[in-house]
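Report on one structure; see the data block that follows.
What follows draws every value from the coordinates through simple rules; no lab data is involved. Because the structure is a prediction, the values reported are computed rather than measured. Here Cβ is always computed from backbone atoms with ideal geometry, including for glycine, and neighbour counts include all displayed protein chains.
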Amino acid sequence: MSRIIKYQDENGNIQYKATVYIGTNQITGEQSSLRLKGFTTVQEALLAVNQTKKEHDLAIDLKNMKFVAVFAGWLAEDPTFATKPKKMRAITWFVNYFLPCFANRRIDRITLAQIKKTLKKIDSDYRYSGMIISIFTYAYENGYLKRNPVTEDSLVENNPINDHSEISRTKSAIDQLLQVIPTRRDPVQHAFFKVLEATGMTASECLALSWGDIDTVGSTIRINKRVSTDARGHNMIKHLRNSRIIKVNYRHLDCLMAIRPREFCFFNDKSNRKRIFHGHANSLLSTQVPQRWLNGLTKASNIPHLCTRNFREIHALACFANGMSITEVQYRLGHTSKKSTIALYRRLTQQDH
C-alpha cells in the first residue's frame, strides 16, 4: 500500500512525495513506512515506489533464507557433482547427517559455536569442513549473510589435530593402547594397530594385506591394494595406482609373525595369497571393523577416544620430526600429490613454510 501526495517546495514549485508501507514492526506492532519526496511527476514517484517495494521484498527474502535453500543453490552451481565420486560421498554424508540439524533454520541465525558443536558429534575429524566453509562462503557472496562466520581459520582453529597439546595426548593414548592390548590377549588387534603405527598406512590398506606382501628378510611391507565397498555395500579389493614398499623395523614384524598360521609357508603361493586380517574362510573384513575394535578398547581401558586416522597422523609427524623430506613422506603415505603432504605438514606443525 502506498500514497502519492502533491505539495509545493520552498520555491513554490509543484512536486510529489510518496509514502510506502513496508510491513509491521515486530517490536511495536505498528506499521512501518518509508517516505520518498522530491519527484517532479507522478510517473517518477510511481517508479520510485515500485523500485523500493522490490528492493524491500528482496531484502525480506534474503533475510528469511533457509539453510536448505542455500544448500540447494550452492549445489546447483556444480551440476557435474554426480560424476565426482569423492564429492558425491561428501554430499551424501552432508545430506544424511549435517543438513537435518540446520535444514529449516535461517542461515543468518546459525552461529559458529552451533556448527562446531554439531561437527564434534558427527565429524570429529573435520573431514568435511571444507564443504561447510564453501556453502557459507556462497551464502555470503550472494547476500544471504552480512558477515561470514565460518572461515577456514575460525572453523578449524579448534580442530584437535592443530593443537600440539592434543597431538601429544593422542600419541600418549596410542602408546597406552598398544600396552593395553597385549594384556587383553588379542594378538590380531595388537598386530593390526602396531602395523598402523609403524607404517602410516590407512586401515583399509592394512585390511587388504596378504602374507605375500611381507618380506621378513628385507623387513619391508608392500602396499598395493586396499579394501573398498561397492554400490551394494559388499567388500571388495581395489588396487592402488601408486603402490609402494615401506621399510619397517624387524620388531614390528614380530607381532605379525605371532599371528602367522602354523601351516604357513613363504614359498607356497596359496599361503602368500592368504590375507593377514580376515574373517571367516579368508573373507574380507569391513572397513568399519578397525574403528569398532578401537572404540571397544578405548572404552574398556578408559583411554581417550581415538580414530584409525590418528595412527597415520602420528606416524607422519614422526617422519617429519626425523628429518624426512616432503617427497619421502609423500611416498611413505601414498599421497598422489605433494599438495596433500604439504597440507598435512602445515596442519600438524602449524607452520607456513
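In terms of other Cβ atoms within 10 Å, Ile221, Ile174, Ile5 run from fewest to most in the order Ile5, Ile174, Ile221.
Using the Cβ-Cβ distance between His305 and Met131 with R0 set to 22 Å, the FRET efficiency works out to roughly 0.40. A Förster radius of 22 Å combined with the Cβ-Cβ distance from Gln291 to Leu99 puts the calculated FRET efficiency at roughly 0.40. Residues of the range 204-248 with an amide N closer than 19 Å to a point placed 7 Å from the Cα of His280 along the Cα-to-Cβ direction: 234-236.
Here the simple spin-label model places points 7 Å from the Cα toward Cβ, and for Ala76 and Ile122 these points are separated by 2.3 nm.
Counting neighbouring beta carbons within 10 Å and listing from fewest to most, the residues Asp230, Asp108 come out as Asp230, Asp108.
Approximating the spin labels as points 7 Å out from Cα along Cα→Cβ, the Ser325-to-Ser340 distance works out to 2.0 nm. Please compare each pair in Lys171/Lys299; Lys171/Lys274; Lys121/Lys299; Lys117/Lys338; Lys238/Lys274; Lys87/Lys299 to a cut-off of 21 Å on the Cα-Cα distance and tell me which ones are over it. Violating the 21 Å limit, Cα to Cα: Lys171/Lys274; Lys117/Lys338; Lys87/Lys299.
Once both labels are positioned 7 Å from their Cα atoms along Cα-to-Cβ, the gap between Thr92 and Arg106 label points is 3.6 nm.
When Ile132, Ile223 are arranged by Cβ crowding within 10 Å, least crowded first, meaning fewest neighbours, the order is Ile132, Ile223.
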